[in-house]
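Here the structure comes first, spelled out in structure tokens, and everything after it is commentary.
The values are calculated or read from the model by the stated rules, or taken from the named source; none is laboratory data. Fair warning: this is a prediction, and the values are worked out from it, not measured in the lab. All Cβ positions, even for glycine, are placed from backbone atoms using ideal geometry, and neighbour counts span all protein chains on display. The area values use the complete protein model at the heavy-atom level, side chains included, leaving out ligands, DNA and RNA. Shrake-Rupley method; radii C 1.70, N 1.55, O 1.52, S 1.80 Å.
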Amino acid sequence: QCLLSGSWRSDTGCRMVVSILGKDGRFSGSYLPGPAAGSSEILTSPLEGSQQDTGLVPQPTFSFTVHWRLRVRTTAFLGQCYVGTNGEETLHALWLLREAADSPAEDWKATR
């Protein structure tokens, strides 16, 4: 059974810590970018999300958002938790980063 509570590290060194996982599948925690982020100003930022009911599916989907502390941006993650034949849990996710745009004309370059 795949549960998100605990600490996770990405291939690029980012770290996600899920500190609270409710019975309803909602969770909160913190996110710290890895060295690839390239800035010493980036601090641990809060995250909130939800996970599919593990009673319904053993390898649940999940989503969460990170609200960056020092920058005007939000990142959304959407993925699934997999359990390998050896029992090891891994997360596979896609993400979108949205920065604040100065005007509607600048909107096109605000999402990565």
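How much accessible area per residue does the chain have, in Å², with a 1.4 Å probe? Before the final figure, lay out each step's value.
Working: 7420 Å² over 112 residues.
On a per-residue basis, 66 Å².
When all protein chains stay in place, what accessible area (Å², nearest 10, 1.4 Å probe) is found for TRP8?
40
Considering all projection directions equally, how large on average is the shadow of the alpha-carbon convex hull of the chain, in square nanometres?
With every direction weighted equally, the projected area is 8.0 nm².
Say we join alpha carbon atoms closer than 10 Å with springs in a Gaussian network model of the chain; which of THR90, THR75, THR12 then has the biggest fluctuation?
THR12
With +1 on the Cβ of every Lys and Arg and -1 on the Cβ of every Asp and Glu, and nothing else charged, how large is the dipole of the chain about its Cα centre, in debye rounded to the nearest 20?
Roughly 160 debye, rounded to the nearest 20.
Collect residues whose amide H, placed 1.01 Å from N in the peptide plane, falls under 5 Å from the amide H of LEU43; neighbours closer than 5 in sequence don't count.
Amide H neighbours of LEU43, under 5 Å, 5+ apart: ARG69, LEU70.
For the chain, set up a GNM with springs between Cα atoms under 10 Å and report which of GLY87, GLY13, GLY34 has the largest fluctuation.
Of GLY87, GLY13, GLY34, the Gaussian network model singles out GLY87 as fluctuating most.
Can you tell me which of THR85, THR74, THR61 moves the most in a GNM of the chain? Springs connect C-alpha atoms under 10 Å apart.
THR85
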